[in-house]
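The values are calculated or read from the model by the stated rules, or taken from the named source; none is laboratory data. All values derive from a computational prediction rather than experimental measurement. Glycine also receives a Cβ, built like all others from the backbone with ideal geometry; neighbour counts cover every protein chain displayed. Accessible surface is based on the protein model in full, side chains and every heavy atom, while ligands, DNA and RNA are left aside. Shrake-Rupley method; radii C 1.70, N 1.55, O 1.52, S 1.80 Å.
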Amino acid sequence: MPLASTSFPLREIRVTRLWNDDAYTYSIPIGTSDPVTLIHGINGCGKTTFLKLISYFGSGRIPAMTAIPFESLTLEYETGTLTIVQGNRTAPASSPDDKRRSLSALRRFEPERLKAYQRHKLAHTCSLTTLTFTFERKDGSRPDAWEFEMSDEEWATVICDAVEPVYRKGLDTFEDTSTNREFSAQELIAAFRDYPGVSNEVTDECPQWLQSLADSCDLRLIETQRLQRLSRTRNDAQVRYRARGDQQSLVKTVDWCAADMQKRLADNYSTFAETSQRLDRDFTIRVLAQPSAGGTASPHDIAQLKNAYEKVRGKQQKLSDAHIYGDTPMPEFPTRELTAPECGMLVTFVSDMDSKLAAFDSLHSSAAMFLSTINGLLQGKEVELDGKKDGMAVRLHGRHSHDGDVPRLPLSALSSGEQHLLVLFYDVIFQPRNKPMLMMIDEPEISLHISWQERLVDLLERACLESGARMIVATHSPQIVNGRPFVALGGGGGETDEED
């Protein structure tokens, strides 16, 4: 089905007075015929912050939304309009074990820290940020509403709990012992709000109507820093960030992609093996249960069997070429005359083989698009699947080792631009899609040659047409815009524009 005729639940996203500044008011159309919406602007115009704000809502990280100043955020759905209004007020500082606090991290404080905090809280006030969610349905029914609040003190406590070098030094004073820098609560929030374990907190108070609305469309952000990601496996890489009481390390994202592909292949092999065992157990019984027939099979039956056989044989060959399954191709269809019993046995075999190979259908389709996209841009090398060892590897062209084998290298041997390209399209193509998805890609042009930038949107649109996803692409690159319609972000506000 053409994407233009496919209903997408989210139509438009608007933000007013981002950073409490009238100049930063933007409107991004989503439900257009183009699957990729480009937003373009200079550094500091709020592209990344805007995308993070949307992703925080989509992932249930409501507390993180309070750390970004804005007046209102509106999401226009096909069923109605969700408006999120931010407000601020001053309130007495409350105890960190207050029951209204929804963050699980706030329930794990050591007694000593609670006592130290309560010694300072008397006669102290703090800034309280509120978010009011209102959903007005198009059917005219009564609007739903919900309010969430988060204080600077709560945020500061979350940060102290999550970031090991940071601790409370005084009533509104905090210190990072790794730099000896002091912060107020609001300065601390601005500096550490995006740290792992801080902005990832999810509220457990979200009402069902709001949760259902957020779940209707997957709002997924692919951030600028894509070449490294956090892992909880201690030996994955050198430790560069460690949350309090937890072992976390940074790994190369291409290595994570290879490991993820290896797991996908293993899961497919497991499904194949289970199907094979089930069918092979009673193969002989099913063959013998067929009506008895003698003599030579009819030309019509043989022609039909040959077509079915060649289809399955071609499928197995494609899987073998893609290094997914099968090193030895199926034999060619016999040229001699077949007896009726032989024909019946081959019919059962072809049917069983087709059922077994179906285990790889979904993976092969996605992998074929992924590999053709990446390898269509690489020069002198290609990425291929490696189900026996690493999941994925790089094969060099025109260079051979002493024993005649083509050298294979890990994905980490790719250049930074090649790695950026690979992890971007791995995210785009292999993200799970059990519901409509809006992918937000921040600065995809990083480390990419101009010629790659010029082709990028076409490749992203191709991926969207295959998956049914929509995308918002935030970019500084004129090569990516390249005459296409875009939403201009800047000091003068957002509007749909088009380059000449």
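Sorted from largest to smallest, which semi-axis lengths in Å does the alpha carbon gyration tensor of region 246-389 give for its equivalent ellipsoid, taking the root of 5 times each eigenvalue? Walk me through the intermediate numbers first.
Values: eigenvalues 309, 70, 17 Å².
Square roots of five times the eigenvalues give 39, 19, 9 Å.
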- How big is the Kirkwood radius of region 8-96, worked out from every pair of different alpha carbons and given in Å to one decimal? 14.4 Å
- Peptides 161-169, 67-75, 141-149: what's the order by average Cβ count within 10 Å, highest mean first? 67-75, 161-169, 141-149
- Mean 1/r over distinct Cα pairs of region 311-410, inverted to a Kirkwood Rh in Å, yields 15.9 Å
- Among the listed pairs LYS52/LYS263; LYS252/LYS381; LYS356/LYS388, those beyond 22 Å (Cα-Cα): LYS52/LYS263
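How much of the accessible area of region 423-491, in percent, comes from carbon and sulfur atoms when a 1.4 Å probe is used?
That fraction is 50 percent.
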- Item | Accessible-area order (highest first, 1.4 angstrom probe) of the listed residues TYR56, TYR325 | TYR325, TYR56
- Message: Place a point 7 Å from the Cα of HIS449 along the Cα-to-Cβ direction; which residues of region 369-383 have their backbone N under 18 Å from it?
- Response: 372-383
